[in-house]
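Chemist: Let me give you the structure first, and then I'll get to my questions.
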Amino acid sequence: MKSLFRPGAIAAFVSVADLAVAQQSPFSIASNNDIKKTAATIAWDLLQYYHGNETGQTPGILPGPPPAGDYYWWEGGAMWGTLIDYWYLTGDATYNDLIMQAIQWQTGPYDDFQPPNVTLSLGNDDQGFWGMTAMLAAEENFPNPPADKPQWLALAQGVFNTQASPDRHDSTCGGGLRWQIPPTNNGYSYKNSIANGCFFNLGARLARYTGNATYADWAEKTWNWMADVGFLDSKTFAIYDGADVSNNCTDINKAEFSYNNAVWVLGAAYMYNHTKSATWKSRVEKLVDHGLDTFFQKGIAYEVSCEGVGTCTTDMLSFKGYLHRWYSTMTQLAPFTAQKVLPVLKTSAQAAIKQCTGGALGRQCGFKWNTGVYDGRTGAGQEMNVIGAVSSLLIGQTKAPVTGDNGGTSKGNPNAGSNPNSFQRPAVPVTTGDRAGAGILTIILIVSISGVLGWMSFGA
C-alpha cells in the first residue's frame, strides 16, 4: 500500500444536489435484525465499486492502481476480508461465490499472493493483507475451495513463510521487514510498522491455529524488534509509522495510524489467547488503552494523523473498518477487554451510520463520522469502514475464531511459500476464456442477489 509516499486519488465530490437528497440516515442498529439489514445494504453498495466480475476485468481487485483507478492491489484483499467477516457475523452467504473466486484469482502462480502483475507495487504489507484474509477464512470456517485449489490455511502459511525467509530480512536497523519487496520499488529503503505488523499478526494466528511454536517465536521476535528499534513506544504504547534504513531507522516518522494499532492489538490478543501469558495480557491492555484514547475521539473512530488536516489518502480512507473489525475480534480472544471496548464500538458505529446520507439514494457513507453529516465524498474504503463497524456489533452472536484442534477444517501446508521471490516470474496473459469466465460470474451474481434487492433498497 502507498499511504504515505504516493497519495493516490480521492473519490470525487458529489454535487450539492446529491448532498441535499437526504439528511436523515435510512440505517438503524437498534436490533440485530436492523444491524443485518443495514449491513446487507452497505455490502451491496460496497460492491458497486468492484468490477472484477465483469467481462474483460481482473477478478479480485478494485479499479487501479493509480492512474488507472483509485485503489492499490492490497485493498481488494482487505475488502474480501471485510466480506468474509460480514458473512460470518450476519449469516448472509450471498457473496460467498464471488469472494471465493476473487481470492483464488489473486493467489499467484506459487500460491503465496505474489502475482507477477502487481510487482511494481508489491509490499510486504500488501501481501500480508491478502494473507490475513486467507487466515480469516480458515479461522471462520469459510467454505473451503475445491480440493485442487490452494486452501486457506496453506495460503496464509505461504505468505508467512515467504516473509520469514532470510531473503526478506537483513541487518539494517537490527532486523525487521522492509516496506517493499522488490529492491527496485520506491520505498524499499523504508521499514515500517504495518509490514512487520501483518507478519506479527499472521505469526500469532498461525501459532494459535496450528500449535507450532515456530510461529509464536517469530511473533515474539518481531514484537521485540519493534520495541528495540523504537517503532513501538515502550512507555506510551504508541506505534509509529516507520523509518528509513539509510540512517539506521533513527529518524522515525511518528505518524500514528489506527490500522497499525489495530493489527498489533489483534496479534497480541491472539498471543494472549494462545499462551495465557500475563505479559501478553498487559501488552493487549496497554495497546487498547492507547488506541481508545488516540483513535476514538469522544467514542467515535477518528484517523488522527490525517482526518484533522484533510490529507487522508485513498488507503487511509479504509482504516476505520479494520479498527472496528479487529477490536471486536480481540474481545473474543481477550474477553477482559470487552467491557471497555464494546460500548465504544457501538457508539462509533452509531455515528458511522448517522452520516450515511449521500448519493442519489441518500445512503452513501462518507469518512468523517464525528460531524454527524455526510462529508461529500465516498468510495470503497468509506463503505468498508461502515460495514465493518456495523456487522462487528454482532460479535457476541458468534463463537471465537477456530483452531485446527477446535473446529477448523482448512488444510495447511507448512512448506508453502518456498519461493520468496516468485513475483519475478513472468506473468501469464489473461485469455479470452478468462474474460468470459469473469463475465459468467457477473450473471451468476446478478441472479443470486436479485431476490434480496427489494428489502435492501429500503433507504431509497
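Chemist: Which of LEU266, ALA204, GLY299 sits farthest toward the positive end of the charge dipole of the chain, with +1 on the Cβ of Lys and Arg and -1 on the Cβ of Asp and Glu?
Modeler: Positive-end residue among those listed: GLY299.
Chemist: If R₀ is 30 angstrom, what is the calculated FRET efficiency for the pair LEU361 and SER31, using the beta carbon separation as r and rounding to 0.05? Numbers along the way, then the final one.
Modeler: Working: r = 23 Å, r/R0 = 0.75.
Working from the Cβ atoms, E equals 0.85.
Chemist: Also: Based on Cβ point charges of +1 for Lys and Arg and -1 for Asp and Glu, what charge dipole magnitude is obtained for segment 212-283 about its Cα centre, in debye rounded to the nearest 20? Kindly include the intermediate steps, with their values, before the conclusion.
Modeler: Working: 6 positive and 8 negative charges, 82 e Å.
In debye, rounded to 20, segment 212-283 gives about 400.
Chemist: Another question, if that's okay. Using a simple spin-label model with points 7 Å from Cα along the Cα→Cβ vector, what separation in nm is obtained for VAL304 and THR172?
Modeler: Inter-label distance under the simple model: 2.9 nm.
Chemist: Also, quick follow-up: Can you give me the distance in nm between label points at LYS411 and PHE336, each placed 7 Å from the Cα along the Cα-to-Cβ direction?
Modeler: My value for the distance between the label points is 4.0 nm.
Chemist: Placing +1 on the Cβ of each Lys and Arg and -1 on the Cβ of each Asp and Glu in the chain, which of MET79, SER165, ALA338 has its Cα farthest towards the positive end of the resulting dipole?
Modeler: ALA338
Chemist: Express the relative contact order of segment 241-295 as a whole percentage, based on alpha carbon pairs under 8 Å and six or more residues apart in sequence. Kindly include the intermediate steps, with their values, before the conclusion.
Modeler: Working: 40 pairs, mean separation 14.5, N = 55.
Once normalised by length, the contact order is 26 percent.
Chemist: Using a/c under 1.5 as the rounded threshold, could you call segment 84-190 rounded, prolate or oblate? The axes a ≥ b ≥ c are square roots of the C-alpha gyration tensor eigenvalues, and prolate needs a/b larger than b/c, oblate otherwise.
Modeler: Details: a/c = 2.28, a/b = 2.12, b/c = 1.08.
It comes out prolate by the Cα gyration axes.
Chemist: Further, regarding this structure: So what's the back-of-envelope 222 nm ellipticity for the chain, counting only DSSP H runs of four-plus at -39500 (n - 2.57) apiece and dividing by all residues, rounded to 500?
Modeler: -15000 deg cm²/dmol
Chemist: Something else: Enter the accessible area per residue of the chain (Å², integer; probe 1.4 Å; all protein chains in place). Present the calculation step by step, with values, prior to reporting the outcome.
Modeler: Values: 16870 Å² over 460 residues.
In whole numbers, the chain has 37 Å² accessible per residue.
Chemist: Run the numbers on the chain and let me know its relative contact order in percent, using alpha-carbon pairs under 8 Å that are six or more apart.
Modeler: Values: 867 pairs, mean separation 114.9, N = 460.
The value is 25 percent.
Chemist: Report the label-to-label distance for GLN424 and ASP148 in nanometres (one decimal), using points 7 Å from each Cα along the Cα→Cβ vector.
Modeler: That separation, rounded to one decimal, is 3.1 nm.
Chemist: When the dipole is taken about the Cα centre of the chain, and only Lys, Arg (+1) and Asp, Glu (-1) are charged at their Cβ, what size is it in debye, to the nearest 20?
Modeler: Values: 30 positive and 36 negative charges, 140 e Å.
Result for the chain is approximately 680 debye, rounded to the nearest 20.
Chemist: Let me ask something additional. Could you order GLU307, GLU220 so the one with the most accessible surface comes first? Probe is 1.4 Å.
Modeler: Numbers: GLU307 10, GLU220 60 Å².
So, going from the largest accessible area down, we get GLU220, GLU307.
Chemist: In whole angstrom, note down how far apart the Cα centers of segment 325-383 and segment 281-300 are.
Modeler: Segment 325-383 and segment 281-300 have Cα centres spaced 16 Å from each other.
Chemist: With N set to the number of residues, divide the alpha-carbon radius of gyration of segment 37-123 by 2.2 N^0.38 Å and report two decimals. Spell out each step's value before the answer.
Modeler: Working: Rg = 13.2 Å, N = 87, 2.2 N^0.38 = 12.0 Å.
Expressed relative to 2.2 N^0.38 Å, the Cα Rg reads 1.10.
Chemist: Summing Lys, Arg as +1 and Asp, Glu as -1, what charge do residues with Cβ under 10 Å from the Cβ of ALA268 carry, ALA268 excluded? Display every interim value, and only then the final one.
Modeler: Working: positive: LYS281, ARG283, LYS286; negative: GLU285.
Charge balance near ALA268 sits at +2.
Chemist: Extension gain ASP228-THR55, at 0.36 nm per residue separation less the Cα-Cα distance, in nm? Walk me through the intermediate numbers first.
Modeler: Numbers: separation 173, 0.36 × 173 = 62.28 nm, distance 4.99 nm.
Extending this stretch completely gives an extra 57.3 nm.
Chemist: By what distance, in whole Å, do the Cα atoms of the chain stretch along each of the three principal axes, largest value first?
Modeler: 57, 53, 43
Chemist: Please compute the length gained on full extension between GLN397 and ASP97, using 0.36 nm multiplied by the number of residues separating them and subtracting their Cα-Cα distance.
Modeler: Numbers: separation 300, 0.36 × 300 = 108.00 nm, distance 2.38 nm.
Gain on extension, GLN397 to ASP97, equals 105.6 nm.
Chemist: Another question, then. Output the peptides 86-98, 325-337 sorted from most to least packed, where packing is the average of other Cβ atoms within 10 Å over each peptide's residues. Numbers along the way, then the final one.
Modeler: Details: 86-98: 19.4, 325-337: 22.3.
The densest-packed peptide leads the list: 325-337, 86-98.
The values are calculated or read from the model by the stated rules, or taken from the named source; none is laboratory data. Here the structure is a predicted model, which is why all the values come from computation and not from measurement. We place every Cβ from the backbone using ideal geometry, glycine too, and count neighbours over all the protein chains shown. Each accessible area value is taken on the protein alone, full model and side chains, heavy atoms only, with ligands, DNA and RNA left out. Shrake-Rupley method; radii C 1.70, N 1.55, O 1.52, S 1.80 Å.
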